[in-house]
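Written below as structure tokens is the structure these notes are about.
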């Protein structure tokens with residue numbers, strides 16, 4: 001189930017609105033977080049108003065270096081600790097459904113349930129986050145303005161559905177990303193839609209891009225690539241699909257256009273060989289990949305060009321790759 005939001009509850013003031021996307025799965029979940037530094041600026045809701053406060057925190061030197069690298073290189077502010085009720089807006093407002101039956105779903109943050117990761121789990125997460133984010137040019141990720149990256153487990157929001165991850169756009173145009181690296185029960189997920197947290201990280205990063213560049217809820221250029229247009233997207237009925245639909249990476253892509261894009265991008269970044277194979281057998285999927293590559297090249301000011309995609313497929317894109325680009 002996917003929601004990309006806009007709009008707000010009737011009684012909420014305009015400055016409290018934000019955009020969001022979330023991805024649910026059928027198994028359990030709760031929440032926790034990574035990293036931050038010896039002292040950092042935290043964003044908390046005091047009543048209904050978003051404010052910044054300075055929070056001291058002790059972390060080991062190795063973790064501190066990773067945290068500072070994420071902040072200095074990519075502008076990502078990662079933090080360790082449980083997600084409290086004041087970390088997110090008073091209401092989550094998700095825009096659900098497919099035109100013409102789009103509706104708002106309002107979730108109460110007081111119903112959010114979240115547990116923390118252990119120090120060892122957090123360190124493992126920091127390691128792969130560093131590896132995966134290095135597949136993107138820092139100039140692009142900085143545009144997303146990720147003021148918080150929470151790494152969570154067992155994350156639920158009161159809807160009786162456990163959430164794999166979420167991307168929230170705040171009134172000041174900053175972004176919060178929440179990931180829930182839970183083990184997936186294969187009996188409930190026979191096609192392994194939610195492979196691992198690394199895959200979900202790329203999925204959520206693209207939601208941040210989609211919102212940042214204004215293509216998350218209305219995207220006629222994308223919709224027209226589907227042979228059935230808007231009728232391709234069927235909301236919660238995607239659960240009934242037992243095989244990959246034409247033009248999609250997986251059945252979840254049928255839920256709405258934003259999830260369609262995010263599921264394909266995670267193929268492109270995390271599994272280029274799978275992406276290439278699907279392009280060869282599925283013309284609609286291939287056209288979508290071509291459009292996404294063109295957009296990412298544009299959004300990254302030409303850094304994610306044809307050579308980049310070949311280098312990524314060859315395993316050459318890492319931290320040193322972008323350092324070399326800067327020197328060129």
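Here, each number is a calculation from the coordinates, and none is a lab measurement. Because the structure is a prediction, the values reported are computed rather than measured.
How many percent of all Cα-Cα pairs in region 226-328 sit more than 19 Å apart? I get 46 percent for the Cα pairs in region 226-328 exceeding 19 Å.
Once the piece of chain linking residue 321 and residue 68 is laid out straight, how much longer is it, given 0.36 nm per residue of separation minus the C-alpha distance between them?
Values: separation 253, 0.36 × 253 = 91.08 nm, distance 1.93 nm.
Taking 0.36 nm per residue and subtracting the Cα distance, the gain is 89.2 nm.
Full extension of the segment from residue 121 to residue 298, taken as 0.36 nm per residue of separation minus the current Cα-Cα distance, would add 60.1 nm. Taking Cα centroids, how far is region 198-218 from region 283-321 in Å? If you average the Cα positions of each part, the centres end up 15 Å apart.
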